Structures are given as structure tokens and as C-alpha cells.
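Structure record follows, encoded as C-alpha cells.
The values are calculated or read from the model by the stated rules, or taken from the named source; none is laboratory data. As the structure is a prediction and not an experimental result, all values here were calculated from the model. Using ideal geometry, Cβ is built from the backbone for each residue, glycine included, and neighbour counts are taken over all protein chains shown. Heavy atoms of the whole protein, side chains included, go into the accessibility calculation; ligands, DNA and RNA do not. Shrake-Rupley method; radii C 1.70, N 1.55, O 1.52, S 1.80 Å.
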Amino acid sequence: MVNGDPDLLLTGWDDAKLHFYRNNNNGASEEFDPVSTAISNLKFGPNDNRLAFEDIDLDGDFDLFVGENDGQLKFYQNIGDVSNPDFALVTTFFDSIDVGNLAAPGFGRRTIELFIGHDQIRS
């Protein structure tokens, strides 16, 4: 969201890469164009990757969390800036969190609170 319009970030199923599309809103409609950036060079495990962004280090730009099939979280710190993000892998096992399988991270908006879903219903 460099220009204030929401952009689109997708994970590939087979190629396990991020695909970034910039919203070039012309005022009448949304128009998403593919953009090749440092984000596009990140590769994850195959299939079900779930993403969440949060400024976890409070430096003014969004860092990246990736929920993996094995239930763990990868953490990438944004060593770039808001306009030119550059994500560096910090850990493949963030804070020793393991929810079993299919970790799906998300964050609260008032404070930095991490919520993680998974694929099992337990009673």
C-alpha cells in the first residue's frame, strides 16, 4: 500500500513464490498490475502458505510472518522501508510457536497481538 490504495499479494500454489500486484486505481476502478520486487524473490514451502504483516519491530514498516503447513511460523524482518520493502529471513521457528499444522497468523489492530489459527477443531 505504497500510494494509499490496497495492493494485492498472493502466494503461488506450485511455485511457492509471492506474486505482488500494485493497485493503480484510476479513480473509477481498481486496476492491478504485476510488479517484480524483492518480495517477488521470496520462496516458501510448497502449497498452503498463509501470510500476515505487522510492524513487529516498531520501525515504521511491515514485517512478514508466514504460517507453514507444519504449524510453525517463519519471520522475515523488513530491512528495507515502506516504499521499497526487502524481507530477510530471521527465523523459521518464530518464538518456538507450533500449532500442529496449517498455521494461519493474524494480528490485532490496537496493540501487537498475535493470533494463530490451524486446521483442527479441538474441544
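Among the conditions (1) modelled with pLDDT under 80; (2) at negative phi, the only one that Gly27 does not satisfy is (2). When Gly80 is tested against (1) at pLDDT below 80; (2) surrounded by 15 or more Cβ atoms within 10 Å (Cβ to Cβ); (3) over 14 Å from the mean Cα position of the chain (by Cα), only condition (1) is not met. Evaluation of Gly71 against the conditions (1) more than 21 Å from Lys17 (Cβ to Cβ); (2) surrounded by 19 or more Cβ atoms within 10 Å (Cβ to Cβ) shows that the sole unmet condition is (2). Within segment 50-108, the set of residues being outside any loop (DSSP other than H, G, I, E, B), among the small types (Gly, Ala, Ser) and under 19 Å from Leu10 (Cα atoms) comprises Ala52, Gly67, Ala88, Ala104, Gly106.
Under the condition of being open to solvent by 40 Å² or more (accessible area, probe 1.4 Å) and either β-branched (Val, Ile, Thr) or at pLDDT below 85 (or both), the residues counted in segment 52-68 number 1. Residues in segment 90-102 that are out of contact with any Asp or Glu (no Cβ under 6 Å at 6 or more places or on another chain), modelled with pLDDT under 90 and surrounded by fewer than 17 Cβ atoms within 10 Å (Cβ to Cβ): Thr91, Thr92, Phe93, Asp95, Ser96, Ile97, Asp98, Gly100.
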